[in-house]
Amino acid sequence: MGKIAVIYWSSGGNTEVMANAIAKGIASQDVCAEVYTVSEFGGKNLNDYEKFALGCPSMGVEVLEESEFEPFVASVEKQLSGEKIALFGSYGWGDGEWMRNWEKRMLDDGCLVFETGLIINLTPDEEGIKKCEEFGARFAKF
């Protein structure tokens with residue numbers, strides 16, 4: 001089975017915790033998960049990966065982070081058409097509008113979006129980490 005790239009942006013560390021827990025869940029299914037910040041992923045070849053888990057917290061008025069993550073998504077979204085992706089992120093307020101908009105955008109681009117995006121309020125607690133691990137395990141089988 002191919003590798004899964006878990007690519008995220010995190011300011012306070014909440015989405016980073018989610019990314020690592022999702023990768024742990026993926027690995028529990030004997031699938032290789034490689035975790036990168038969006039800047040670490042940089043110019044890596046998308047073709048080296050079978051699936052992608054993308055993570056970004058809700059920012060401002062429920063949008064993706066605008067200086068690093070949004071430009072990254074804009075640069076790869078057409079290449080991800082037909083690819084299996086999972087979306088995740090943390091939020092501090094609101095009702096998940098950024099995730100619904102992001103899901104719609106990726107579906108409109110032709111991506112095969114896994115379930116609905118996983119969102120967790122603030123820092124994942126023990127139950128939240130378990131949800132992330134279970135999400136990752138299910139995504140590995142998707």
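The values are calculated or read from the model by the stated rules, or taken from the named source; none is laboratory data. Quantities reported herein were computed from a predicted structural model and do not represent experimental measurements. Positions of Cβ are generated from backbone atoms using ideal geometry, with glycine treated the same way; all protein chains shown enter the neighbour counts. For the accessible areas, the whole protein counts, side chains as well, though only heavy atoms, and no ligand, DNA or RNA atoms are used. Shrake-Rupley method; radii C 1.70, N 1.55, O 1.52, S 1.80 Å.
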Classify the stretch 1-75: rounded, prolate or oblate, from the alpha-carbon gyration tensor (a ≥ b ≥ c, eigenvalue square roots; a/c under 1.5 rounded; otherwise prolate if a/b is larger than b/c)? oblate
Heavy-atom surface of the chain, accessible at 1.4 Å and reported per residue (Å²): 48
If you take the square roots of the eigenvalues of the alpha-carbon gyration tensor of the stretch 91-142 and sort them as a ≥ b ≥ c, do you get rounded (a/c under 1.5), prolate (a/b over b/c) or oblate? oblate
For E134 and A27, extending 7 Å from Cα along the Cα-Cβ vector and measuring point to point gives, in nm, a value of 2.1
Using the crude model of +1 on Lys and Arg Cβ and -1 on Asp and Glu Cβ, and no other charge, please compute the dipole size for the chain relative to its Cα centre, in debye to 20. 420
Okay, helix-only estimate at 222 nm for the chain: each DSSP H run of n ≥ 4 adds -39500 (n - 2.57), divide by all residues, round to 500 deg cm²/dmol; what do you get? -11500 deg cm²/dmol
Find the Cα radius of gyration of the chain, compare it with 2.2 N^0.38 Å by division, and give the number to two decimals. 0.93
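Counting only protein heavy atoms, what percent of the accessible surface of the stretch 63-131 is carbon or sulfur at a 1.4 Å probe? Please list the in-between numbers first.
Details: 1860 of 3680 Å².
Result for the stretch 63-131: 50 percent of the exposed heavy-atom area is carbon or sulfur.
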For the stretch 6-142, how many pairs of lysine residues have a Cα-Cα distance under 13 Å, where the two are 8 or more positions apart or belong to different chains? 5
